[in-house]
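Just dropping this structure here.
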Amino acid sequence: MRDGGTVTGWTEFRLEEDRPRPGTIVISVHGDLDLHSADELGDRLVEAVTDGASTVVVDLTGVEFLDSQGLGALLRGTRRLGGGAERFRLVVPDPQIRRLFEITALDRVFPLDETREQALAAGRRAASSGQPVSDRPGEGMTRT
Amino acid sequence: MSAEAVHLQFPARAEYLLLARLAVTGVARRMGLGGKEVADLKLAVTEACSNAVRHAYPVTGEGQIDLELVARDDRLELVVEDHGAGIRLPLGVPPSPSELGGMGIPLIRAVVDDLAIGQGSDGGTVVHMTKLATGIPEGGEQAGV
């Protein structure tokens, strides 16, 4: 599964999970996120919350395609987590992928970061303060 | 005006959405379209085909999708047709988002230059999308996108 890898130009869909610290789960998504794969991500997000994660970071750096079904899976995840979207962060460095969040205005729902490090730092602040963390200059992604 | 057409028929199942994207990518690249336009076309064809997969064949769950790609000098036309239950709307009346997949139709509208949704001769749904070849070079799209 982990070595599904590149098949003549596209990447097989797969999820990887990392737990950099207690209570925080990073789910890295690779390949195309569409109707065929969205449920797998949605189920994994629900599992993460059920397992007690207080901060969930979904890293979309490896996503080559995203559609409305993928966005729907992410929405289900953040609703499940509750307690403030700041504890559900997305890493979205690709401008083409980020554009979907802008078209659908979901960039106002999801905190978007450019790197995993930025997302983890913001999630840590939210967890320690118990309050939502706003993006600050030089951190995360500038949203207009 | 010259035109080249590609016609593809495949099962209305989610695992074939990748095939639709590959077909559109191949034709768009052959036309010389840039990365942003190709990304828009992949999104549009996926959303249209996803609607067919999810809604066209509610009884048996089995059916076919016809995808036609017509490359013209100044545009690429994409026609996605199913042969299923239809959208039960008068022709020419745009369906509401809730009737056709939530965010899917608004996303298509955002990335193509023209969208028309109608009924096929057998009562299925026909989604006709047009993307103009604007000649914008790859990476040269507008700021903020």
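The values are calculated or read from the model by the stated rules, or taken from the named source; none is laboratory data. Small disclaimer: the values here were computed from a predicted structure and weren't measured. Here the Cβ is made from the backbone with ideal geometry for all residues, glycine too, and neighbour counts use every protein chain on show. Heavy atoms of the whole protein, side chains included, go into the accessibility calculation; ligands, DNA and RNA do not. Shrake-Rupley method; radii C 1.70, N 1.55, O 1.52, S 1.80 Å.
Spelling out what I want: for every residue of the range A:41-49, take phi, set θ = phi - 60°, compute 6.51 cos²θ - 1.76 cosθ + 1.60 (Karplus), and round to whole Hz; glycine and proline get x.
5, x, 5, 5, 5, 4, 4, 4, 5
First measure r as the distance between the Cβ atoms of B:Asp73 and B:Leu22, then evaluate 1/(1 + (r/R0)^6) with R0 = 22 Å and state the FRET efficiency to the nearest 0.05.
0.40
Now, a different point. To the nearest 10 square angstrom, what accessible area does B:His7 show with a 1.4 Å probe?
For B:His7, solvent-accessible area is about 120 Å².
Right, another one. Of B:His55, B:Val112, B:Gly34, which is farthest along the charge dipole of the range B:4-132 in the positive direction, counting Lys and Arg as +1 and Asp and Glu as -1 at C-beta?
It is B:Gly34, whose Cα lies furthest towards the positive end.
5 Å is the cut-off here: which amide hydrogens, built 1.01 Å from N in the peptide plane, fall below it relative to B:Gln119, excluding neighbours closer than 5 in sequence?
Counting only residues 5 or more places away or on other chains, the set is B:Val126.
Please average, across the residues of B:43-53, the number of beta carbons from any other chain that are within 10 Å of each residue's own beta carbon, and give a whole number. Intermediate results must be reported in sequence, preceding the final value.
Working: counts 9, 1, 0, 10, 5, 0, 3, 7, 2, 0, 4.
Neighbouring Cβ atoms belonging to other protein chains average 4 per residue here.
For peptide A:33-43, what's the mean number of Cβ atoms from other chains within 10 Å of each residue's Cβ?
Neighbouring Cβ atoms belonging to other protein chains average 4 per residue here.
Further, regarding this structure: Could you give me the ³J(HN,Hα) list for the range A:88-103, computed from phi with Karplus coefficients 6.51, -1.76, 1.60 and θ = phi - 60°, whole Hz, x at Gly and Pro?
Karplus-based 3J(HN,Hα) across the range A:88-103 equals 10, 10, 10, 9, 9, x, 7, x, 5, 6, 4, 4, 5, 5, 6, 4 Hz.
Still on this structure, I have one more. Which whole-Hz couplings ³J(HN,Hα) result when phi for each residue of the range B:53-61 is put into the Karplus expression 6.51 cos²θ - 1.76 cosθ + 1.60, θ = phi - 60°, listed in order with x for Gly and Pro?
Using θ = phi - 60°, the values come out as 4, 7, 10, 6, 10, x, 7, 8, x Hz.
Now a separate question. Using modelled amide H (1.01 Å from N, peptide plane; none on Pro or chain starts), what sits under 5 Å from the amide H of B:Arg75, excluding residues fewer than 5 places away?
Distant-sequence amide H within range of B:Arg75: B:Ala133.
Under 10 Å from the Cβ of A:Gly62, count the other residues' Cβ atoms, weight Lys and Arg +1, Asp and Glu -1, and hand me the total.
Values: positive: A:Arg14; negative: A:Glu16, A:Asp59, A:Glu64, A:Asp94.
Result for the local shell: -3.
Continuing with this model, one more query. Please get the size of the charge dipole for the range B:4-132, origin at its Cα centre, with Cβ charges of +1 on Lys and Arg and -1 on Asp and Glu, quoted in debye to the nearest 20.
Computed charge dipole of the range B:4-132: roughly 340 debye.
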